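Below is one structure, written out as structure tokens; the observations come after it.
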Amino acid sequence: MRDKIDYLILRIFKSIVYRLRNRFKPKKLDLMKWAIDSPVKSTVYYTLIDSGFDIEHFRVLNGKYNHKANSKSSGIYAQTRRNVHRIEKGISASFLKKRNVFAKEYIEETINGVEKLLDSKYIDTPFHKWSFDVLNSYFSLITLDDYFNNLKNKWDEIVKKHPLKNGENIVNYSPFQHNKLPVSNISFTELDTLFKRRHSVRWYNDDEVDVQLIKKAVGSALASPSACNRQPFEVLYITGKKLEELKPLKLGFEMFSDSIKAFIFIVGDLSSYIEERDKHLIYIDGSLFAMSLMLALEALGISSCPINYPDVTNIDNKVQDILNLEGYQKGVMLMSVGYASDNSPIPFSAKKGVNEIFKEIN
Ligand SMILES: Cc1cc2nc3c(=O)[nH]c(=O)nc-3n(C[C@H](O)[C@H](O)[C@H](O)COP(=O)(O)O)c2cc1C
């Protein structure tokens with residue numbers, strides 16, 4: 001009974017919100033002035049007066065709820081990747097100063113996570129080997145008491161149940177010394193030229209890009225950093241019928257829509273997080289990846305143009321329907337890709353000078 005009343009109150013509140021937003025529309029500027037001096041007043045503004053944050057709240061909340069409640073979401077994968085990453089940092093610190101125990105608060109959660117993931121679908125992925133090498137290294141470093149001995153026995157069973165392929169042990173996917181990093185022969189000038197050669201290219205010729213080249217660039221861009229190594233995004237390569245369905249959307253490609261033969265869409269996954277404070281990580285990690293991807297494509301002779309993907313409810317809902325996305329998936333960056341047509345005009349787009357944006361602070 002109590003529950004029913006609670007839901008009734010919420011339904012009534014929702015319809016009141018719609019009415020208030022209509023009523024306050026003409027006075028938005030005055031009310032904005034009232035709201036800008038405190039976070040709570042800003043929340044009142046965005047609840048009762050302006051719908052600008054509705055879609056963000058909707059997707060962040062979907063992510064938070066599905067993180068734990070939906071076994072098909074990225075929740076457990078993100079949590080376990082983060083834990084393995086934290087353990088790797090602990091191992092790295094132990095190289096410098098020996099520690100008998102660390103990660104006690106989450107080692108059991110990590111082992112259970114790895115087991116669940118390998119029992120479902122992450123076998124034969126880099127995660128399989130990474131988690132094995134890191135946790136094997138962990139157990140070889142810490143002092144084993146009864147608690148850790150039991151965990152180690154459980155861990156040994158998991159390793160036995162999901163053996164790595166022959167030959168997978170040549171490289172160890174666990175912390176290593178800086179001097180073991182591969183040597184790069186790229187000079188600063190060469191790198192700078194690649195940066196300056198990449199430009200937003202909007203007009204493409206009819207040559208089809210081999211999807212294997214796109215995957216090669218994606219594989220290279222996956223080396224980009226991400227918060228706690230979660231890499232909370234998917235990359236959709238969109239051509240054919242789905243491309244045509246997206247083209248009528250009023251986004252920033254209308255002027256060169258006819259020349260586009262393929263989109264890459266980087267889609268963030270908010271079910272990677274349980275805390276609202278992490279809600280921007282899909283954009284940060286997705287954009288770091290996007291930049292690497294554009295440079296990798298450029299190095300393969302493939303041009304691209306990032307396209308604004310604004311936080312607009314009706315666009316978001318349409319794209320979600322067309323691409324069959326979940327409520328907790330959110331577009332981070334759309335880009336067109338293809339081979340530049342010989343006469344593709346390139347806006348010069350002068351960049352800011354270093355002294356405009358650089359400040360030394362002591
Ligand atoms: C997040 C983002 C959104 C963009 N959106 C559009 C867009 O909607 N349409 C477009 O033609 N270009 C778009 N661009 C390309 C920019 O206009 C371009 O990067 C900028 O002018 C600098 O030019 P350059 O990429 O050739 O260096 C976007 C770029 C970024 C990073």
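What follows draws every value from the coordinates through simple rules; no lab data is involved. Remember, it's a predicted structure, so these values are computed and weren't measured experimentally. Here the Cβ is made from the backbone with ideal geometry for all residues, glycine too, and neighbour counts use every protein chain on show.
Key figures for this structure:
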quantity	calculated
In region 119-236, lysine pairs closer than 28 Å at Cα, eight or more apart or cross-chain	27
Computed over the chain: relative contact order in percent, which uses C-alpha pairs under 8 Å that are six or more apart	22
Cα gyration tensor shape of region 2-51, rounded if a/c is under 1.5, else prolate or oblate by comparing a/b with b/c	oblate
Alpha-carbon centroid distance for the pair region 19-59 / region 178-193, whole angstrom	50
Per-peptide average of other Cβ atoms within 10 Å, ordering 212-219, 355-362, 166-173 highest first	212-219, 166-173, 355-362
Rounded to the nearest 20 debye, dipole of the chain from Cβ charges on Lys, Arg, Asp, Glu	1020
All aspartates and glutamates inside 12 Å of Lys14 as judged from Cα atoms, apart from same-chain residues fewer than 8 positions distant	none
Farthest toward positive dipole pole in the chain [+1 Lys/Arg, -1 Asp/Glu at C-beta], among His67, Ile9, Leu281	Ile9
Qualifying lysines (Cα of each under 20 Å from Cα of Lys250; at least 8 residues distant if same chain)	Lys241, Lys242, Lys261, Lys318, Lys330
Region 323-362: C-alpha gyration tensor shape, a/c 1.5 cut-off, then a/b vs b/c	oblate
Burial order of peptide ranges 104-117, 321-334 (average beta-carbon count within 10 Å, highest first)	321-334, 104-117
Cα-centred dipole magnitude for region 2-51, charges only on beta-carbon of K, R (+1) and D, E (-1), debye, nearest 20	240
Contact order normalised by residue count of region 2-51, Cα under 8 Å, 6+ apart, percent	42
Net dipole in debye of region 75-161 [+1 Lys, Arg Cβ; -1 Asp, Glu Cβ; about Cα centre; nearest 20]	320
Shape of the chain, Cα gyration tensor, a/c cut at 1.5	oblate
Which of Ile55, Pro175, Ala262, positive extreme of dipole for the chain (C-beta unit charges)	Ile55
